[in-house]
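> Let me give you the structure first, and then I'll get to my questions.
The values are calculated or read from the model by the stated rules, or taken from the named source; none is laboratory data. Just so you know, these numbers come straight off a predicted model, no measurement behind them. Cβ coordinates were reconstructed from backbone atoms using ideal geometry, including for glycine residues, and neighbour counts include every protein chain displayed. These area figures cover heavy atoms from the full protein model, side chains too; ligands, DNA and RNA do not enter into them. Shrake-Rupley method; radii C 1.70, N 1.55, O 1.52, S 1.80 Å.
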Amino acid sequence: MKIVSACLAGIKCRYDGRAKTSQKVVQLVKDGDAIPVCPEQLGGLTTPRIAAEARGEKVFTRKGEDITYKFEDGAKEALRIALLANCKEAILKSKSPSCGCGKIYDGSFTGKLISWDGVFCKMLKEEGISVSTEEDI
Ligand code: SF4
């Protein structure tokens, strides 16, 4: 079983109220091989919501509000689902401050990337769950 970013499965849960559908991920869910989760919604954030980016261990909105605790709360809940379902792999949305794997936006809201993991990705890796993105499949 895989845990996947809900926006890749066609769920309109992104900050802009849209999805980022990957037909491969949709098919995994349809086949019963993957469970979609959105850690930001699980953290109590609304959809749509103000854009946010990570700066080190913290996450800030475009207006400068520190919303790290919401990202951490949501990632913990999403991780709980992954562990309940005994997921060994994850396919997450690239570059997101929650789901990004290996490279994410740098916190300047200018489209620049840095080498870092999103909050949820990092927690999955710490549990030994292997993480890839829609760009890898
Ligand atoms: Fe998609 Fe993850 Fe962002 Fe939710 S938190 S919209 S699942 S990238």
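> If we scan the stretch 13-20, do we find a residue that is within 14 Å of the ligand (Cβ to nearest atom) and closer than 17 Å to LYS125 by Cα?
Taking every residue of the stretch 13-20 in turn, none turns out to be within 14 Å of the ligand (Cβ to nearest atom) and closer than 17 Å to LYS125 by Cα.
> Another question about this same structure. Given GLY32, GLY43, which one is touching a helix residue (DSSP H, G or I) at 6+ places or on another chain (Cβ under 6 Å) and either without any contact (Cβ under 8 Å) to a residue 24 or more places away in the chain or within 11 Å of the ligand (Cβ to nearest atom) (or both)?
Just one listed residue meets the conditions, GLY43.
> Only one of ALA78, ALA34, ALA54 is of a type outside the set (Val, Ile, Thr), buried (at least 22 other Cβ atoms within 10 Å of the Cβ) and within 14 Å of MET1 (Cα to Cα). Can you tell me which?
Just a single option satisfies the conditions, and that option is ALA34.
> Determine which member of the set ARG80, ARG62 is away from the ligand (no atom under 13 Å from the Cβ) and more than 28 Å from VAL26 (Cβ to Cβ).
Only one candidate passes the filter, namely ARG62.
> Follow-up. In this structure, is ASP73 more than 9 Å from the ligand (Cβ to nearest atom) and without any contact (Cβ under 8 Å) to a residue 12 or more places away in the chain? Let's see the steps before the verdict.
On the way: more than 9 Å from the ligand (Cβ to nearest atom): yes; without any contact (Cβ under 8 Å) to a residue 12 or more places away in the chain: no.
Judged against the criteria, ASP73 is not a match.
> Before we move on, is PHE60 farther than 17 Å from VAL4 by Cβ, part of a strand (DSSP E or B) and open to solvent by less than 70 Å² (accessible area, probe 1.4 Å)?
So PHE60 passes the test.
> A further question follows. Any residue in the stretch 87-103 that's surrounded by fewer than 24 Cβ atoms within 10 Å (Cβ to Cβ): show its pairings with residues that are charged (D, E, K, R) and assigned to a loop (DSSP other than H, G, I, E, B) at Cβ separation under 6 Å, as long as the two are six or more apart or on different chains.
From residues that are surrounded by fewer than 24 Cβ atoms within 10 Å (Cβ to Cβ), the pairs are SER94/GLU135.
> Which ones in the stretch 104-132 are closer than 20 Å to ALA6 by Cα, outside any loop (DSSP other than H, G, I, E, B) and open to solvent by 10 Å² or more (accessible area, probe 1.4 Å)?
Across the stretch 104-132, the qualifying residues are TYR105, VAL119, LYS122, MET123, LYS125, SER130, VAL131, SER132.
> Restricting to the stretch 6-32, name every residue that is among the aliphatic types (A, V, I, L, M), under 16 Å from CYS99 (Cα atoms) and not in a loop (DSSP other than H, G, I, E, B). Even if it seems obvious, please write down each step before you answer.
Going residue by residue through the stretch 6-32, those that are among the aliphatic types (A, V, I, L, M) are 6, 8-9, 11, 19, 25-26, 28-29.
Now narrow it down to the ones that are under 16 Å from CYS99 (Cα atoms): 6, 8-9, 11, 19, 25.
Within the stretch 6-32, ALA6, LEU8, ALA9, VAL25 qualify.
> Picking from GLU40, GLU77, GLU72, which residue would you name as being part of a helix (DSSP H, G or I) and either among the hydroxyl-bearing types (Ser, Thr, Tyr) or in contact with a Gly (Cβ under 6 Å, 6 or more places away or on another chain) (or both)?
GLU40
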